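What follows is one structure encoded as structure tokens, with my remarks underneath.
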Amino acid sequence: MAAAAVAGIIPVLHSLAGDESSYYIGRKLWFGFLGLYTVVIYVERLPWIYLHKDFLCHGNLSSPCLGECFEQHFHKPIIGTWYMSCFLFLCAFLLMEFFVSQLRHKQTKVKAQQENEAELSSMTGVQEDSSSHKGVRIIDFHIQKSVLGLYLFYFLLQLVIQAVFLSILINDQLPRVSGYPILCSTTNCLGPYQCLVQGSMEKRMSIYTLATLAVMIIVFCIAFFLYSIHHYVLKGLQQLGAHDLWLWEV
């Protein structure tokens with residue numbers, strides 16, 4: 001099921017990444033993060049595939065009792081949480097792509113209408129128009145303040161998603177394969193029974209890898225957010241203030 005999902009996502013990412021248009025700064029970087037995110041989760045899930053077989057308890061436990069102990073210790077989904085984080089990362093990115101592409105399409109239509117009216121729809125004018133649209137590739141956030149707000153919201157959304165995911169990895173999932181012995185006692189199976197998880201080192205390393213990737217994305221989100229605020233908001237206000245001062249002196 002997971003392999004089929006990854007195989008279905010790869011053609012979509014390839015078609016989007018093949019678009020040479022750079023609508024906004026960092027677009028190729030986030031494509032790279034999305035591909036890396038998908039591959040890392042697909043690889044790091046391998047030590048967790050047979051988690052129910054890796055969970056063992058000392059003593060003469062029946063299968064129902066072993067199942068109860070397993071459900072008591074791993075009462076929250078592990079791999080399902082990883083899939084959800086990847087899904088949210090993908091949804092946030094695709095929503096950003098959708099709104100920006102819609103804006104670019106609208107801008108292209110408006111500009112084409114204006115130039116066609118000015119040049120009387122001549123063949124030369126149409127050719128120059130098509131070439132000029134190919135040349136305009138990056139949105140100017142100094143002018144498009146609404147898109148700048150969407151751009152900043154995207155980074156905040158990705159930061160929140162990764163911060164929550166990182167907290168779940170470190171505070172909930174990592175202790176479940178770190179603390180020994182695991183003591184189990186249920187209503188139907190009085191204990192306590194000492195249990196363990198085989199291959200705990202590989203499972204911890206997979207959590208560390210995902211946590212490192214989450215930290216990287218958080219750092220880039222903060223960096224892009226602060227850069228955008230400084231470059232497009234603060235500098236714009238400074239330039240506007242300098243322009244008003246010049247007009248006042250004139």
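A few comments on the model shown:
- Take residue 180: with every protein chain present and a 1.4 Å probe, its accessible area is about 100 Å².
- Residue 216 accessible area, 1.4 Å probe, all protein chains in place, Å² to nearest 10: 80
- Accessible area of the stretch 32-80 belonging to carbon and sulfur atoms, whole % at 1.4 Å probe: 63
- Note on residue 58: accessible area approximately 110 square angstrom, rounded to 10, probe 1.4 Å, nucleic acids and ligands left out.
The values are calculated or read from the model by the stated rules, or taken from the named source; none is laboratory data. Since we're looking at a predicted model, the values are computed, not measured. Keep in mind that these areas ignore ligands, DNA and RNA; they rest on the heavy atoms of the full protein, side chains included. Shrake-Rupley method; radii C 1.70, N 1.55, O 1.52, S 1.80 Å.
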